[in-house]
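Nothing in this text is a laboratory measurement; each read-out follows from the coordinates by a stated rule. Here the structure is a predicted model, which means the values were calculated and not measured. Please note: Cβ atoms are built from the backbone with ideal geometry, for glycine as well, and neighbour counts cover all protein chains shown.
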Amino acid sequence: MEARVRLVVGLLLLTAILSLSVPLALTLADRRTSSLAAERDRQLTLLAEQAASGDATEPVGRYHEVYGEPVLVVDADGRVLAAAGGLDPAASEAAEAIRLGLVDDPSRPLALVLPWTTDDPLRAAASTEGGEVETLALTRVDTARAVGDVRRSWAVLAAGGVALLVLAGVLTRTVSRWALRPVHSLEETARSIARGDRGAAVLATGPPELRELVAEFNRMVEAVQRSLDDQRHLIADASHQLRNPLAALRLRAETLRGHLRESGARTHAGLLRELDRLERLLDQLLSLARAQEATTARAAGQAVAAETGPLDEVVTDRAEAWRQLAQDREQWLSEVGEIPPVTVPRDDLGQVLDVLLDNAIRYAGPGATITLRVCDDAAGLRCIVADDGPGLPADGWSRATDRFWRGSAAGEGTGLGLAIAHDVVATWGGRLRLRLGDDGRGTVAEVWLPGDSRGLRQTDKEPR
């Protein structure tokens, strides 16, 4: 915006300067041309009169010495009375000028002298007696000095115009920067908020029209940041504060086991299952809050600390941890392909793999095959968990990472696992994508981490 303002002002000022300086420059050139023509006409008339009254050889010689121009004086019959400088009366241009001058045809106006003029035109003046031409003086006017004068005057005009443009540019830049300073501050603060940073207050400077806008924006930012902080703290504090009452509730429920009648055993077992589910929900809410804090910190340009370890150890450890559960559900869990020798954020990637393997085992169904594959290329690292189960509903592929969304109302999950995995992956600048299998069956969960992720680097181990 500031550049556009300066451009518009500069174009308007340039137009104004040109509309004034061009006519003035032409006027100066015309004045110098008229002065040159008048001076030569006066000198030539004097030479013609001197030739009519006597010998003009000496005046003609002095004229040539002073002005450096060839000069020629002829009588009414065209005979040469005096000459200097080698002007040939027989030349076509000189002969035509002599013919017109002897019939008392006034000299044509001298062509306008401009900075690029190179021609030396002929100029004539006559002496008359009783209306008849007695003598005619002819010269080739040297315009070099006049051209130099015009160049200097035009140079002064150009320098003045450029100086005025520069001054106007400086003033325009100063005023526009002062006027738009709140706008730039608003832009920077909005950009920092979009990155997840808190953002500093906008400077309430500049025109009065913008100060009220700045004040309202600062109040809005403060309210939004306070609301976001309260929301994050509420999730984390609620998860922490509910743990003790929930533990006490579980302890009391466990102590009731020996005092229940047979008819209440089923209700008691359902109570314990719901307590388990509530505990998992609180753990996942706390994990989600931590993932969001880490994502916000990374978006704001802050370093995210994490313990790193070899990728093969992370993958092997998580696969072994879930293999027995898969076997209990009559499923086959296997690792496919070589694991590249890189180090990764151990806990974060392990948490993501736990979510993906848990979902695959939970929903793929009995007899399903689950594969875990890792590959590395120039773009980054990909971890893929695929199964040949029933997959997701048609509207589930784009909503699977939404919080509390579950593909089936009868499912055992809380709807937070994939949301947590999504935020953890986003912390490292990666992405999580779920899609249908290549053969049109099952679910493929793909985690991509960029090659320049902090904590993702080559190790000295050979591929497994």
Neighbour-count order for Ile17, Ile339, fewest beta carbons within 10 angstrom listed first: Ile17, Ile339
Val336, Val71 arranged by Cβ crowding within 10 Å, fewest neighbours leading: Val336, Val71
Burial ordering of Val8, Val73, Val175, Val444, fewest other beta-carbon atoms within 10 Å first: Val8, Val175, Val444, Val73
Segment Arg362-Ser263, length gained on full extension (0.36 nm per residue, minus Cα span): 32.6 nm
Relative packing of peptides 255-264, 386-395, 113-122 - highest average C-beta neighbours within 10 Å first: 386-395, 113-122, 255-264
